[in-house]
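To keep things clear, I will list the structure first and then write my remarks on it.
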Amino acid sequence: MAEPEVRGPSACDPAAWDFARVEAAWALFAPLTPRGKDEKEARTVLSDRAEIERRYDETEWAAAALAALDSPGRDRLTHCLGRVPRLPDIRGAEGGRSLGDIDVFLVKKFLSNYRAVLGLLDEGSRERFSLSFESEALFALLSKGGSDEESFFVSDAYEPGLAGIRARIRSADAEIALLRAASERAAEAERGLDFRGRGFLVLPAEEARALLACDGEVRFSVEHYDSASCVARILPGEGELRAEAEREGLLAEERIAESEALSRLSEAIGSDARLIAGYELALRRFDLARARASLAETLSLTRPIFGSGRLSIVEGRFLPCEDECGRRGLRYRPLDLELDERAALIFGSNMGGKTVALQTALCLQILAQAGLFAPAGRFETEAYARIVYAGAPRPGGLEPGAEDDGLSGFGREVDALEKAWRAAEGGGAFVVLDELGRTTSSPEAEALVAATAEAFAAAVGTRCLLSSHFRGAAPSKAVARLRMAGLDREAARAAASRPGLSPAERIREIGALMRYEILREAEPSGTAKRREGPLEGEASSDALEVAALLGLDEGILKTAREYYSARRDGREGDRG
């Protein structure tokens, strides 16, 4: 029997799932069986590396099984998996609890489609997923009486007396029909009323009441319909009443015989209940693995690699951004990141790609720990007990702490940071902090960013990625200092000088001129030393160049550049 899959609390908090926009990929993950769909809806992100690796292995086994099928075989497999019903509770059936005919039908339908799936797979695939079938005798029993493989009724073959009882019911039905037809003909002959094929007639009130006084062969019942009309029915005669009473007695006998047959069928199903539970579990495992393999094939995903002790992303793709760039005709740039340090600070201007870089890394991590392959040319990481996010909510996304908690914006930011730190202290975490310190002043924010990066770098079993505008934050060499390459400023100035660009064209220009690569900054000498002066090539601000490209008034831009130069030359810790 197949081993049950590990299920427990998800390692990923809802804010991380939402910020990383995992749902865009998750929506394409398509198990077909009811139990497989339950697993998808649970959105469980695992922390046990062995369980994650087992799912990766099963994904590769399923991919091999799919590759061995031709196109009609794949279609048939998909059809059969999609036809698998949710099994009723059959526990206790062997001990005397009788199942209904619908329950028996669902068991038969499950076994039918399960057998069909097994027939499409090679022996190696069946063995890997513990897909076996030892219930041929039960399936043959459920198929008695001429029903097809996806239907069921209690046929005459299940109970010796059923055929005779049903023959007598048919005879009673025929007698009742003859007597009824005779009454309808008499009503038409005596009163001119055509009841053929009708259970009642709506007649004018006076005409209907006159029926009660007639003394012919046929008797009628009359009921008020509205203020001017009545409903008239033919009353059954003595012979018809006798035949109907006989029929009711026969129907009761049929129900008893069917119940006895269902009791025996229930006992047979109960005898195989443990086997059937194993079939359902194995089929769920295969269905989930098939869905993961199909997703990997569709999106060109690769198997993540655990255990290197570093975070390595080669051509990591953030699927929502990739899709949006495709729709807008922009070139999409995958993410490359090599990180041996346990914590990294990522700097860069607005629109420079910091947030997308964080979303890419976080989404890859969540998908990997959910048992899916990753949208990357290569992805090396570790399995973490918790995956958490603290930062500004994405537009339209969840806002942690938005309930009426009495906290200011900075209070909520610190509260989210504290929860992330508790997760790291509680056994290790993958932590993403976006724009930490955004709700307070520059000197305070720089101090908070530096101290936070330093603390997470020292936390055992934790990886932390922080983004910030505050380049004055300078923790020790234990924290990697990274920056987005940013805007190609010469090209941006040339583009800004081009007349006649529409707003949409200007936005496309920004996308084309941004360099979304992550670069390493030189490490500061000494612990927490603050950087003085601009980085190399930072004579001007990316943000101001973007504003120019978007058409901001030249007078405002000129004054802003003067302020920027004065602050850059005379003060430390300016925003980038």
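Any read-out appearing in this document is the output of simple, stated calculations on the displayed coordinates, not a laboratory observation. Nothing here was measured: the structure is a model prediction, and the numbers come from that model. Here Cβ is always computed from backbone atoms with ideal geometry, including for glycine, and neighbour counts include all displayed protein chains.
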Where the only charges are on Cβ atoms (+1 Lys, Arg; -1 Asp, Glu), what is the dipole of the stretch 162-259 about its Cα centre, to the nearest 20 debye? 240 debye
Taking amide hydrogens as modeled 1.01 Å from N in the peptide plane, which residues meet the under 5 Å criterion relative to L99, leaving out close sequence neighbours? S266
For the stretch 1-123, just the Cα set please: Rg and Dmax, both in angstrom. 17.6, 52
Segment A182-L275, extension gain: residue separation times 0.36 nm, minus the distance between their alpha carbons: 27.8 nm
What residues qualify as long-range amide H neighbours of G391, i.e. H under 5 Å apart, gap of 5 or more or another chain, H built at 1.01 Å from N? D434
